[in-house]
Amino acid sequence: MNSKKNDLKSLELTVGDVFSKNARLKARNVNVFYGENKAIDNVTIDIGNKEVISFIGPSGCGKSTFLRCFNRMNDTIDSCVIQGEISIDDENIYDKKIDVVPLRARIGMVFQKPNPFPKSIYDNVAYGPRIHGLSENKEHLDNIVEESLKRAGLWQEVSDRLSSPGTGLSGGQQQRLCIARAIAVSPEVILMDEPCSALDPIATAKIEELIHELGNEYSIVIVTHSMQQAARVSKRTAYFHLGKLIEVGKTKEIFTRPKHNQTEAYISGKIG
Amino acid sequence: MLCMLLKNTENNMNKKIINPEEATNIVKNSIVKRRSKDSRLKLFGRAAIGLAVCFLLFLFYSIFTKGYPGFFQYYVTLDINFDRERIDPKGDLSDNSLFDGDASAIVNESLFSIIEPKGRKEKKLAKKIVSSGKDVRIAKMVKDDPGLFGTVTQVKFALDDDIDSFLRGYIKRETPESERRINDKVIGFIDKLNEEGRISYEFSDYILSGSASGNPEMAGIKGAFIGSLLTLSVCLLIAFPLGVATAVYLEEIAKKNRITEIIEVNINNLAAVPSVVFGIMGLAIFISIFGMPRSIPLVGGMVLALMTLPTIIISSRAAIRAVPPSVRDAAYGIGASKLQVIFHHVIPLAMPGMLTGTIIGMAQALGETAPLLMIGMVAFIVDIPNSVVDPGTVLPVQIFMWADFAERMFIQKTSAAIIVLLGFLIAMNALAVYLRKKLERRW
């Protein structure tokens with residue numbers, strides 16, 4: 001009874017349209033605790049097929065934590081407890097029967113700091129297909145690597161030095177390498193955790209352009225600090241505050257006519 | 001009192017940030033003092049390093065000056081008539097036949113023809129001039145080259161250790177005969193050999209190829225060296241995989257709870273346990289309970305492995321902890337399983353650090369004496385061990401034993417063995433540095 005009341009309260013709290021017609025990922029009443037601390041409070045949201053959605057909000061509002069729930073990266077933190085339901089194509093990813101390895105192959109992730117493996121560029125991209133056995137032979141693997149690098153917009157820059165270390169690239173190139181690495185395992189969803197926060201404006205512009213293109217093929221969830229970035233790359237935007245999902249809506253509407261006064265305060269620079 | 005304190009804080013609170021000019025002045029005034037403190041620290045540091053280098057140089061100087069002569073010894077050259085009938089009576093070069101032969105007598109005859117001893121007593125003294133290994137040497141020579149039979153060839157024989165000490169000047173001619181280990185007659189013989197140019201000072205062919213021996217002139221370190229090598233191999237093969245596996249389990253797989261905490265504390269405690277305790281444990285478990293033979297490198301290696309395990313575990317854990325979490329995230333993020341993350345990323349990146357810890361542990365094990373005494377590797381073993389189950393000893397124990405012997409010549413041999421041990425250690429460390437450099441990828 002009590003929980004139902006909470007549901008309603010949450011739905012009351014979240015302004016805008018949390019549901020999506022062709023939802024790929026569905027989060028229902030998700031709570032996340034770090035030990036005693038409640039990091040995410042009763043969040044419900046849909047993420048549509050081939051949709052670019054951005055999570056914005058002030059530091060520490062839990063948007064990264066929430067993002068990491070989608071591919072169960074929070075599993076690696078011992079004290080982290082997740083309640084509620086998150087499903088991909090109506091399959092609960094926190095079900096005991098679900099193996100996290102294939103799940104993460106379906107839901108790729110790009111991290112805040114570019115983190116290529118200390119291996120060659122080729123091996124970085126080929127690592128995923130290799131461990132999942134996605135390639136039939138060497139030639140096939142070569143093709144996967146080339147195609148992934150092309151989609152990540154990195155092929156032209158690195159095609160002549162695939163065997164040189166991935167960590168020797170510039171920050172922006174490294175981040176695109178990480179995107180290529182995520183693409184190489186053919187995921188359905190790509191989660192991006194502030195992918196541009198460590199990059200200069202030119203590299204950022206390139207990544208944004210890339211996200212724009214990739215949005216035609218993958219569902220992309222991007223966490224960002226920059227409202228401009230959210231406005232540029234995403235069609236939908238979700239605003240988080242203190243672990244609560246305050247408002248979800250079309251990006252244009254959020255930035256021009258926010259319905260919730262907290263959202264308005266944030267985008268006009270009063271909090272954050 | 002409390003009142004004053006309150007007032008004080010009030011005062012401080014009333015004080016505002018001092019103005020920039022004043023601040024600049026205060027900083028300027030304090031700079032001399034700060035600089036002098038800096039330079040004093042530098043000076044102390046340099047003095048400490050200088051002192052350490054001095055001690056080190058002194059150590060090396062004393063070891064090398066004492067040990068260098070240990071690699072050399074005095075030889076006498078004699079003309080040997082290789083008479084097959086007498087050396088190899090059965091004519092088949094078998095050990096039996098050579099043992100029945102009379103090689104010693106041939107050597108003695110050749111010696112007597114030079115120094116011409118008179119009477120039984122003198123002959124008895126003269127026989128002792130040449131080391132007792134002479135027949136073994138001739139047997140080995142004819143085995144290597146049977147063509148020697150029928151010829152008269154000059155052969156070098158080691159001199160007895162007392163003669164060696166006399167030639168080195170440790171036994172002095174001026175000392176009264178009654179207090180000397182060799183009497184005037186023998187000195188006369190040596191003088192005669194010297195006049196004939198028969199005595200030479202050469203690189204010892206026993207020190208590196210010989211084994212433990214009661215005759216110091218024939219003692220060598222090969223047995224102990226091989227023993228050390230075998231023992232360390234066993235130690236490495238057991239301790240490295242076990243240590244790395246433990247570290248990986250504790251760092252990557254085990255949940256942090258009370259049990260792992262207790263294990264962690266106890267591993268740290270084990271690192272501080274005196275090594276002799278491990279020796280007693282080895283004696284109690286491996287030898288008493290499992291009934292393994294004493295004095296074998298296998299048991300020695302197992303005991304040393306127990307001793308080095310904590311060192312390897314602690315350094316491996318530190319190395320694993322130093323692997324950036326972003327790499328783990330990246331691997332987990334594309335769906336690597338735990339095993340794949342560990343074997344593809346964590347272990348390769350932690351390997352240089354793990355190796356450093358292992359080498360430190362191995363170096364410790366190489367120099368360890370006490371636990372090996374407990375399991376009987378201190379026995380007098382002449383045969384060079386061929387496998388880990390042959391009885392043997394190790395370099396530090398050999399040094400320990402030689403240092404205990406009374407003969408003067410063992411002092412030089414001890415120092416020579418120490419040099420070899422140090423050489424072994426340096427070679428091991430060099431290998432470690434090389435491996436580190438090779439595995440460390442600075443990308």
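Out of B:388, B:397, one residue alone is more than 14 Å from every other protein chain (Cβ to nearest Cβ) and not in a helix (DSSP H, G or I). It is B:388. Once the stretch A:86-116 is narrowed to residues that are in contact with a Leu (Cβ under 9 Å, 6 or more places away or on another chain) and within 26 Å of residue A:208 (Cα to Cα), the residue that is farthest from the other protein chains (Cβ to nearest Cβ) is A:88.
If you go through the stretch B:132-149 and keep only what is part of a loop (DSSP other than H, G, I, E, B) and at pLDDT 85 or above, you end up with B:145, B:149. For the condition out of contact with any Pro (no Cβ under 7 Å at 6 or more places or on another chain), assigned to a helix (DSSP H, G or I) and more than 17 Å from residue B:314 (Cα to Cα), what is the one hit in B:238, B:226, B:190, B:207? Selected residue: B:190, the only one of B:238, B:226, B:190, B:207 that is out of contact with any Pro (no Cβ under 7 Å at 6 or more places or on another chain), assigned to a helix (DSSP H, G or I) and more than 17 Å from residue B:314 (Cα to Cα).
Answer yes if at least one residue in the stretch A:183-204 is out of contact with any Cys (no Cβ under 8 Å at 6 or more places or on another chain), buried (at least 17 other Cβ atoms within 10 Å of the Cβ), assigned to a helix (DSSP H, G or I) and free of Cβ contacts under 8 Å to residues at least 60 places away in the same chain, and no otherwise. No, the stretch A:183-204 contains no residue that is out of contact with any Cys (no Cβ under 8 Å at 6 or more places or on another chain), buried (at least 17 other Cβ atoms within 10 Å of the Cβ), assigned to a helix (DSSP H, G or I) and free of Cβ contacts under 8 Å to residues at least 60 places away in the same chain.
Would a scan of the stretch B:79-101 turn up a residue that is assigned to a helix (DSSP H, G or I) and closer than 22 Å to residue B:197 by Cβ? Looking through the stretch B:79-101, none of the residues is assigned to a helix (DSSP H, G or I) and closer than 22 Å to residue B:197 by Cβ. Within the stretch B:150-187, the set of residues being assigned to a loop (DSSP other than H, G, I, E, B) and farther than 23 Å from residue B:107 by Cα comprises B:169, B:170, B:171, B:172, B:173, B:174, B:175, B:176, B:180, B:181. Only one entry of B:399, B:426 meets the criterion of being in the same structural domain as residue B:237 (by TED's automatic domain parsing) and within 15 Å of residue B:66 (Cα to Cα), and that entry is B:399.
From B:403, B:416, B:379, grab the single residue that is farther than 14 Å from residue B:229 by Cβ, out of contact with any strand residue (DSSP E or B) (no Cβ under 7 Å at 6 or more places or on another chain) and not in a helix (DSSP H, G or I). So that I can check it myself, show each step before the final result.
Numbers: B:403 fails: not in a helix (DSSP H, G or I); B:416 fails: not in a helix (DSSP H, G or I).
B:379 is the lone residue from the list that is farther than 14 Å from residue B:229 by Cβ, out of contact with any strand residue (DSSP E or B) (no Cβ under 7 Å at 6 or more places or on another chain) and not in a helix (DSSP H, G or I).
Annotation for the stretch B:306-316: no member residue is hydrophobic (A, V, I, L, M, F, W, C) and closer than 25 Å to residue A:127 by Cα. Run residue A:124 past the list (1) surrounded by fewer than 18 Cβ atoms within 10 Å (Cβ to Cβ); (2) in contact with a Pro (Cβ under 6 Å, 6 or more places away or on another chain) and report the number of the one that doesn't hold. Every listed condition holds for residue A:124 apart from (1).
Would it be correct to say that residue B:207 is without any contact (Cβ under 8 Å) to a residue 40 or more places away in the chain, in contact with a Phe, Trp or Tyr (Cβ under 9 Å, 6 or more places away or on another chain) and buried (at least 16 other Cβ atoms within 10 Å of the Cβ)? No, not satisfied. When restricted to residues that are of a type in the set (A, V, I, L, M, F, W, C) and either more than 8 Å from every other protein chain (Cβ to nearest Cβ) or in contact with a Pro (Cβ under 6 Å, 6 or more places away or on another chain) (or both), the stretch B:309-335 contains 9. A count restricted to the stretch B:260-270 and to residues that are within 14 Å of another protein chain (Cβ to nearest Cβ) and of a type outside the set (S, T, N, Q) stands at 1. Just so you know, in the stretch A:71-82 the residues that are surrounded by fewer than 23 Cβ atoms within 10 Å (Cβ to Cβ) and in contact (Cβ under 8 Å) with a residue 24 or more places away in the chain include one that is farthest from the chain's Cα centre (by Cα), and it is A:79. Residue pairs whose Cβ atoms lie under 6 Å apart, sitting 6 or more positions apart in sequence or on different chains, and linking a residue in the stretch A:225-241 that is among the charged types (D, E, K, R) to a partner that is in a strand (DSSP E or B), are A:235/A:52; A:236/A:53.
Residues of the stretch B:239-282 that are buried (at least 19 other Cβ atoms within 10 Å of the Cβ) and under 30 Å from residue B:390 (Cβ atoms): B:239, B:240, B:243, B:244, B:275, B:278, B:279, B:282.
Which one of B:358, B:369 is in contact with a Ser or Thr (Cβ under 9 Å, 6 or more places away or on another chain), surrounded by fewer than 22 Cβ atoms within 10 Å (Cβ to Cβ) and either outside the structural domain of residue B:248 (by TED's automatic domain parsing) or hydroxyl-bearing (Ser, Thr, Tyr) (or both)? Step through it out loud before you land on a result.
Numbers: B:358 fails: surrounded by fewer than 22 Cβ atoms within 10 Å (Cβ to Cβ).
The match here is B:369.
Confirm whether residue B:245 is at pLDDT 95 or above and closer than 21 Å to residue B:360 by Cα. In short, yes.
Yes/no matrix, rows are residues, columns are (1) over 27 Å from residue B:305 (Cα atoms); (2) out of contact with any helix residue (DSSP H, G or I) (no Cβ under 9 Å at 6 or more places or on another chain); (3) among the charged types (D, E, K, R):
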{"position": "B:193", "(1), (2), (3)": "yes, no, no"}
{"position": "B:197", "(1), (2), (3)": "yes, yes, no"}
{"position": "B:237", "(1), (2), (3)": "no, no, no"}
{"position": "B:241", "(1), (2), (3)": "no, yes, no"}
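Within the stretch B:336-354, the set of residues being more than 8 Å from chain A (Cβ to nearest Cβ) and within 19 Å of residue B:240 (Cβ to Cβ) comprises B:342, B:343, B:346, B:347, B:348, B:350, B:351, B:352, B:353, B:354.
Condition first: of a type in the set (D, E, K, R) and either buried (at least 21 other Cβ atoms within 10 Å of the Cβ) or in the same structural domain as residue B:282 (by TED's automatic domain parsing) (or both). Can you find one or more residues in the stretch B:167-175 that meet it? No: the stretch B:167-175 contains no residue that is of a type in the set (D, E, K, R) and either buried (at least 21 other Cβ atoms within 10 Å of the Cβ) or in the same structural domain as residue B:282 (by TED's automatic domain parsing) (or both). Within the stretch A:120-133, take every residue that is more than 8 Å from chain B (Cβ to nearest Cβ) and in contact with a helix residue (DSSP H, G or I) (Cβ under 7 Å, 6 or more places away or on another chain) and give me the one that is nearest to residue A:214 (Cα to Cα). Ranking the candidates gives A:125 first.
The values are calculated or read from the model by the stated rules, or taken from the named source; none is laboratory data. Please read all numbers here as calculations on a predicted model, not as lab measurements. A quick note on method: Cβ atoms are made from the backbone with ideal geometry, for glycine too, and the neighbour counts reach across all protein chains shown.
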